1. Return the label of the correct value of Kirkwood radius over Cα pairs in Å, as calculated from the structure shown, out of [x] 15.2; [y] 15.6; [z] 13.6.
2. For the chain, what does the helix formula give at 222 nm: sum of -39500 (n - 2.57) over DSSP H segments with n ≥ 4, over the residue count, nearest 500 deg cm²/dmol?
3. Please say if segment 54-98 is rounded, prolate or oblate, where rounded means a/c under 1.5 for a ≥ b ≥ c the square roots of the C-alpha gyration tensor eigenvalues, and otherwise the choice is prolate for a/b larger than b/c and oblate otherwise?
4. Assign one of three labels to segment 1-52, namely rounded, prolate or oblate, based on the Cα gyration tensor with a ≥ b ≥ c the square roots of its eigenvalues; rounded applies when a/c is under 1.5, prolate when it is not and a/b is larger than b/c, and oblate otherwise.
5. Relative contact order for the chain: what percent, with Cα pairs under 8 Å and sequence separation of 6 or more?
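What follows is calculated from the coordinates using simple rules that are stated; it is not laboratory data. Just so it is clear, the structure is predicted and the values come from calculations on it, not from any experiment.
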Amino acid sequence: MTQRTFHSDIPKAIRNGATDDELNDVIQDYLGPDGDVQQWRVDNYIQLRAWAYLPIAEYNDAQVKLNSADSEIQSEGQQQLENYVANCLQVKSRFPKE
């Protein structure tokens, strides 16, 4: 018996670090054999990005650290902010607006 792929399996795959090929396989399983994975990715890029972005709490926490009087905490906040921005740019590149 084949296990059915659900819509909720797509964000799980992204959060579990699926490569694009692995993600495409999950999407294809969800759509069925006649589904157009690339078109689905174009049509749903906003949702794909939302699933891939880090939580906004990471950004907020970085901002709080940057406003600390402690230079070590500020340094941690700067690194956290840089990591957050790098993630966002990677997500935009992986799931482009077509």
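1. Matching entry in [x] 15.2; [y] 15.6; [z] 13.6: [x].
2. Computed ellipticity for the chain at 222 nm equals -21500 deg cm²/dmol.
3. Judged from the Cα gyration tensor, segment 54-98 comes out prolate (a/c at least 1.5, a/b above b/c).
4. Details: a/c = 1.78, a/b = 1.20, b/c = 1.48.
Oblate, since a/c reaches 1.5 and b/c is not below a/b.
5. Here the relative contact order equals 24 percent.
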